[in-house]
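A short write-up of the structure that comes next.
The values are calculated or read from the model by the stated rules, or taken from the named source; none is laboratory data. Remember, predicted model here, so these are calculated numbers, not experimental data. With ideal geometry, Cβ positions are generated from the backbone for all residues, glycine too; neighbour counts draw on all protein chains shown. We work out accessible area using only protein heavy atoms, side chains counted, and drop any ligands, DNA or RNA first. Shrake-Rupley method; radii C 1.70, N 1.55, O 1.52, S 1.80 Å.
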2 protein chains.
Amino acid sequence: MPNLTRVVIALGGNALQESGSPATAEEQLRVVTKTCETLADISCQGYEIAIVHGNGPQVGRILLASEYAKDVTPAMPFDVCGAMSQGYIGYHIQQSLRKELHKRNRHVPVATIVTQVVVDKDDEAFKNPTKPIGLFYSKEESDEIARDKGFVMKEDSGRGWRRVVPSPMPKAIVEVDTIERLWSSTIVIMCGGGGIPVIEDGEGGYTGVAAVIDKDLAAERLAEAINADILLILTEVEKVAINFNKPDQKNLSEISCDEAKKYMAEGHFAPGSMLPKVKAAVMFAESKPGRKSIITSLYSANEALKGESGTLIR
Amino acid sequence: MPNLTRVVIALGGNALQESGSPATAEEQLRVVTKTCETLADISCQGYEIAIVHGNGPQVGRILLASEYAKDVTPAMPFDVCGAMSQGYIGYHIQQSLRKELHKRNRHVPVATIVTQVVVDKDDEAFKNPTKPIGLFYSKEESDEIARDKGFVMKEDSGRGWRRVVPSPMPKAIVEVDTIERLWSSTIVIMCGGGGIPVIEDGEGGYTGVAAVIDKDLAAERLAEAINADILLILTEVEKVAINFNKPDQKNLSEISCDEAKKYMAEGHFAPGSMLPKVKAAVMFAESKPGRKSIITSLYSANEALKGESGTLIR
């Protein structure tokens, strides 16, 4: 692998919090520090990296606190909660990654850019919101909220009623100019949580909307926009598998985009889990000759970049 | 004034929220949009600008919601609340400023950088914390918190007991490398709320601390670090005054650093209000020949840059 290969790394939820551990900031910082050991090792191999991370549990808790405290201070809209989560998680990653790089005697600046990601207001997803966010309510409270605020509310797994928001496709990254300027000199943390979703306001500007953007698809947009060589999607498993969790499970080391599409059509990958990752991987690998995607676990990332682990999609 | 003069602009609280108006995100966005008309006008005059903003009311409310909701989701440490406020406010400014620039047919990227600011762990301020933050508690609750968490608690204006944190001097900006790279091409929003306060951890890294950094002093650090020409501190009044609010009030159009120091020593400026602004202005004007500081109101900023309003400190 030559030096200065450009890699966009999409971090899964387990890079920020271990399942079953408390959802405190202190615990997140501990896990992020471990994650940053891997990221620093990748940087030391000579790769130019940019980092995208998820924010599902974090933005959920920010919204939860905000809604819960609404009688003492006004609740924040969901786009603002997303911006807050970018500050929170970006701060931890930039602090920890700088420290791990320093330990390795590598002095590269690290910075988080607050990022807006444009979605199409006519995206089909707006007609059928599916992502539950925030507090659970009773049927009566839920009807009142739907009436007062115009939110779409749905019953969620027998636990009560919750607001649902759409998950539209990311179209473009508003702050892409900035990362283009920084990319070659700085490790940039961008598009946190898939980015703050905004729509065009018809006057050349953007307006925030309540929506959730898939962070792997946002990372794919970023990787294309900045002409990266590799999209590296990190998750809980070392390799993508077909017949997952069945007796005939088969782990995949290398697949073509056509094979990946066939497996997607056959329903091998869970929606909201492996499916968007494979979809993002295929989109990137198909976007230009020479581009490739890798899906693997955080702790196999270094081996996967050497071709010794993970699932390569090309 | 020649083109490409570099100006660091420190925005006061009234640039984000009007006094007496509701503390909602929607209202902040409305006020920020007005503020960004002024900032866009300054940019259109050919100045290279960087923006620093306060976060007092915002971080206070984030902490309030977080503490209030602590039984449903873990409360966030104060440094994290600061990072969240940078995401929140930065998002609004970058969205609004881009829109106002676009209306003026000026296409300059705008981006918020999450910023850590280094303070000295031996700063005298840590021995005497003075800044109240978060919820009010009864004496009993307060004693329990002091015992359990080691927080310093003080009685606040007869309304109950509150945690107090120190307000140390800013020493350095961790992400200064990044703004140096962006400065000439991008309007950067940095050091929000004075920056997330961190101390050196003795291993070449930094650790967040619960403290409040004065945003005007942080803006001064930034202006020195990036070799700005002008530090423009925007507040509620058009000019700095001596004998403020007395029959013999005298507004100042231009003062030397020595005069400013004399007035400070005579107690003309209120601590926590005009005093840190004048202090920051003097520090910057004295830091290198040719540098100057201006203190004025948001709406006199353009005139002040032309020398037709405000108080010039040189």
**Asked** Tell me, which residue of region A:1-17 that is of a type in the set (A, V, I, L, M) and open to solvent by 30 Å² or more (accessible area, probe 1.4 Å) is nearest to the other protein chains (Cβ to nearest Cβ)?
**Response** A:4
**Item:** Residue within region A:106-120 that is more than 14 Å from chain B (Cβ to nearest Cβ) and part of a loop (DSSP other than H, G, I, E, B) present
**Value:** yes
**Message:** Take residues that are crowded, with 18+ Cβ neighbours inside 10 Å and tell me which of the strands (runs of 3 or more DSSP E) falling wholly in region B:139-178 contain 2 or more.
**Reply:** B:161-165, B:170-173
**Any hit, region B:152-166, residues being within 14 Å of chain A (Cβ to nearest Cβ), closer than 28 Å to residue B:130 by Cβ, in contact with a helix residue (DSSP H, G or I) (Cβ under 7 Å, 6 or more places away or on another chain) and not polar (S, T, N, Q)** = no
**Prompt:** What helices (runs of 4 or more DSSP H) lie completely within region B:196-314 and have 2 or more residues being in contact with an Asp or Glu (Cβ under 6 Å, 6 or more places away or on another chain) and closer than 23 Å to residue B:172 by Cα?
**Reply:** B:274-287
**Request:** Go through the residues of region B:60-78 one by one and say whether even a single one is at pLDDT below 95, in the same structural domain as residue B:189 (by TED's automatic domain parsing) and under 21 Å from residue B:219 (Cα atoms).
**Result:** yes
**Request:** Answer yes or no as to whether residue B:142 is free of Cβ contacts under 8 Å to residues at least 12 places away in the same chain and not assigned by TED's automatic domain parsing to the domain that holds residue B:41.
**Result:** no
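Looking at B:46, B:20, which one is part of a loop (DSSP other than H, G, I, E, B), open to solvent by less than 20 Å² (accessible area, probe 1.4 Å) and more than 10 Å from chain A (Cβ to nearest Cβ)?
Working: B:20 fails: open to solvent by less than 20 Å² (accessible area, probe 1.4 Å).
Matching residue, one of B:46, B:20: B:46.
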**Asked** Within region B:273-287, is there a residue that is closer than 18 Å to residue B:250 by Cβ, more than 15 Å from the chain's Cα centre (by Cα) and surrounded by 19 or more Cβ atoms within 10 Å (Cβ to Cβ)?
**Response** no
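Could you grab me the full set of residues in region A:288-303 that are among the aliphatic types (A, V, I, L, M) and either closer than 21 Å to residue A:167 by Cβ or over 16 Å from the mean Cα position of the chain (by Cα) (or both)?
A:295, A:301, listed by residue number.
Select from region A:55-90 the residues that are of a type in the set (Val, Ile, Thr) and open to solvent by less than 30 Å² (accessible area, probe 1.4 Å) and write down the one among them that is nearest to residue B:29 (Cα to Cα). Walk me through how you get there before you give the answer.
Taking region A:55-90 and keeping what is of a type in the set (Val, Ile, Thr), we get A:59, A:62, A:72-73, A:80, A:89.
So of that shortlist, the ones also open to solvent by less than 30 Å² (accessible area, probe 1.4 Å) come out as A:59, A:62, A:73, A:80, A:89.
Numbers: A:59: 20, A:62: 19, A:73: 17, A:80: 11, A:89: 23 Å.
Ranking the candidates gives A:80 first.
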**Request:** With the condition kept exactly as written, say whether any residue in region A:262-270 is in contact with a helix residue (DSSP H, G or I) (Cβ under 7 Å, 6 or more places away or on another chain) and either over 30 Å from residue B:28 (Cβ atoms) or not aromatic (Phe, Trp, Tyr) (or both).
**Result:** yes
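Just to be sure before I move on: is residue A:124 out of contact with any helix residue (DSSP H, G or I) (no Cβ under 6 Å at 6 or more places or on another chain) and in the same structural domain as residue A:32 (by TED's automatic domain parsing) in the structure I sent?
Working: out of contact with any helix residue (DSSP H, G or I) (no Cβ under 6 Å at 6 or more places or on another chain): yes; in the same structural domain as residue A:32 (by TED's automatic domain parsing): no.
No, not satisfied.
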**Request:** Please go through region A:23-43 and pick out each residue that is aliphatic (A, V, I, L, M), away from chain B (no Cβ under 12 Å) and open to solvent by 20 Å² or more (accessible area, probe 1.4 Å).
**Result:** none
**Request:** May I ask you to list the residues in region B:181-209 that are more than 9 Å from chain A (Cβ to nearest Cβ) and either closer than 19 Å to residue A:101 by Cβ or surrounded by fewer than 22 Cβ atoms within 10 Å (Cβ to Cβ) (or both)?
**Result:** B:183, B:184, B:199, B:200, B:202, B:209
**Complete:** Per the filter on region B:258-269, residues within 16 Å of residue B:292 (Cβ to Cβ) and either modelled with pLDDT under 95 or crowded, with 17+ Cβ neighbours inside 10 Å (or both) are B:260
**Prompt:** When residue B:123 is evaluated against the numbered criteria (1) more than 9 Å from chain A (Cβ to nearest Cβ); (2) among the acidic types (Asp, Glu); (3) open to solvent by 40 Å² or more (accessible area, probe 1.4 Å), which criterion, by number, is the only one it fails?
**Reply:** (3)
**Message:** One residue is enough: does region A:91-114 have a residue meeting the conditions crowded, with 19+ Cβ neighbours inside 10 Å and either within 26 Å of residue B:135 (Cα to Cα) or among the aromatic types (Phe, Trp, Tyr) (or both)?
**Reply:** yes
